[in-house]
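All remarks here apply to the structure that follows.
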Amino acid sequence: MPIILKELADFCSARIEGGDPSATIETAADITSAHQGQITQLTNSRYTRYIKDSKATACFIAEGFVVENVPPSMALLICADPEISFIKAVELLHPGRIYNRRIAPQAVLAANVSLGEEIYIGPYAVIGADASLGDGTEIHAGAYIGNNVKIGKNSRIYPYAVIYDDVVVGNNVIIHSGAIIGADGFGYKFRNNQHIKVPQVGNVVIEDNVEIGANTCIDRGALGSTLIGAGSKIDNLVQIGHNNKIGKHVIMCGLTGVSGSCNIEDYAILAGSSGIADHVTIGQGAVVMARSGVAGDVKPGTQVFGSPAKDKKIAYKEQIALSKLPELLKRVKMLEEKIQLLEKDA
C-alpha cells in the first residue's frame, strides 16, 4: 500500500531529516537490497557500511545514532525505537490478506458447533462436534478442529494444522500449518517384555497471544493439561511433551525438544536445538543456549550452555581449555622424551 513519506513518518512517530518528504514509499526491504521507493532500517553499527551505496528512499535510525556518508537522496527517519517503528511501517505497507467472512461450502461442520461473528472457515476444513469458535477467528483450508475444541476470538489456524479433541485455544492465537496440538503424550510402562501404553486423557490449554510455528507438536496431558502461557512464541519444529507448563512470554526456538512434566517459567528462552530432560524446571528469565542439553534445574536469570548444560562462563572456559588440549599433549610427549634421555644418561 503506497504512502507519502511524511505520512509514514507521522504514523511511525519519526521525524524526517534530509531526503524528500513528499516521496512515495511502496514497500520495505533490508538495507543491503533496498532501492528507490523502499524504506529500510539501520539499528546495528555492523551494517553502517551499506548505507553509502544504498538506494533506499528512507531509513529508520535511533536518536543519537551517528551515521556518515548518507546519500543525499535518502531521508533519515529518526525515532526512539527504530525496530518497532519499522515493524509498524512494514505492517502498513504490506497488509495481511483479508479473507471474506464466510463458511466455504466444502467445509464440514459436525453437530452443535458454536460460531461467533465474522468467522472464516476455508474449503475442506473440518470442525468437530461441540466445538466453538470466537468472533473473528479464521480456520483455513484443510485444517482439522476436533470435538469439543474451544477457540477464542481473532485466532488464526493455518491450512492443515490439526487440533485434537478438548483443546482450549485463547484469543489472538496463531497456529501455523502442520502443527499438531493435543496428540497423545509419549508414555509407556515396560511389563512382560512389552511396552504398555499409558492412557493420555488430558488436554492442551493455549492462552492468549500465543504463536505456534509450522510442524510443531504439543502433546496433551496424561491426566491434566499441557499449558502454554500467554504471549509465548514457539518456533517451527518444536516438540513439547505431555504435562509441561510453559509460562508467559517464553521463547522456544526451532528444533527444541522438551520432555514431559517440565516447568518452563515466564520469560525463559530456549535457543535452537536445545533439549530438556523430563521433570526439569527452567527458572524465570533463564536462557538455555543453542544445542544445550539440560538434565537438571536451571536457576532464574542464569544462562547455561553445553551438554550437560552448565553456567555459560564455566562452559566457555572448558571449551577454551579443550581447544588447547592438542598442544598440551605435544608438550607432554616432548617432556616424556626429555625425561627418557635424562634417565639414559643418569
- Within region 128-172, restricting attention to residues that are small (Gly, Ala, Ser) and touching a residue at least 24 places away in the same chain (Cβ under 8 Å), which residue is surrounded by the fewest Cβ atoms within 10 Å (Cβ to Cβ)? ALA141
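Scan region 110-130 and give yes if some residue there is within 30 Å of SER33 (Cβ to Cβ) and of a type outside the set (D, E, K, R), otherwise no. Let's see the steps before the verdict.
Just the residues of region 110-130 that are within 30 Å of SER33 (Cβ to Cβ), to begin with: none.
No - not one qualifying residue is present in region 110-130.
Here is a yes/no grid of residues against (1) assigned by TED's automatic domain parsing to the domain that holds ALA141; (2) at pLDDT below 95; (3) assigned to a strand (DSSP E or B):
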site	(1), (2), (3)
ARG46	no, yes, no
PHE60	no, no, yes
ASN69	no, yes, no
PRO72	no, yes, no
ILE84	no, no, no
ILE87	no, no, no
- Note on the structure: Residue set ILE234, ILE212, ILE240; condition more than 19 Å from PRO300 (Cα to Cα), of a type in the set (A, V, I, L, M, F, W, C), buried (at least 19 other Cβ atoms within 10 Å of the Cβ) and in contact with a His (Cβ under 8 Å, 6 or more places away or on another chain); output residue ILE212
- Starting from region 183-194, keep only residues that are within 12 Å of HIS242 (Cα to Cα), then list their pairs with residues that are of a type in the set (Lys, Arg) and outside any loop (DSSP other than H, G, I, E, B) whose Cβ atoms are within a distance under 9 Å, requiring at least 6 positions of separation or different chains. ASP184/LYS197; GLY187/LYS197
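Yes or no, residue by residue, for (1) farther than 24 Å from SER273 by Cβ; (2) in contact with a strand residue (DSSP E or B) (Cβ under 7 Å, 6 or more places away or on another chain); (3) acidic (Asp, Glu); (4) not in a helix (DSSP H, G or I):
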position	(1), (2), (3), (4)
VAL304	no, yes, no, yes
GLN319	no, no, no, no
GLU327	yes, no, yes, no
LYS330	yes, no, no, no
GLU337	yes, no, yes, no
LEU342	yes, no, no, no
- Message: surrounded by fewer than 16 Cβ atoms within 10 Å (Cβ to Cβ), at pLDDT 95 or above and either of a type in the set (Ser, Thr, Tyr) or not assigned by TED's automatic domain parsing to the domain that holds ASN147 (or both): is that true of ILE98 in this structure?
- Response: no
- Item | Tally, over region 1-39, of residues that are without any contact (Cβ under 8 Å) to a residue 40 or more places away in the chain, of a type in the set (S, T, N, Q) and touching a strand residue (DSSP E or B) at 6+ places or on another chain (Cβ under 7 Å) | 3
- Within region 273-300, which residues are more than 19 Å from LYS245 (Cβ to Cβ), free of Cβ contacts under 8 Å to residues at least 24 places away in the same chain and surrounded by fewer than 20 Cβ atoms within 10 Å (Cβ to Cβ)? SER273, MET289, ARG291, GLY293
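The values are calculated or read from the model by the stated rules, or taken from the named source; none is laboratory data. Treat the numbers as computed from the prediction; the structure is a model and nothing was measured. Virtual Cβ from ideal backbone geometry, glycine too; neighbours counted across all protein chains shown.
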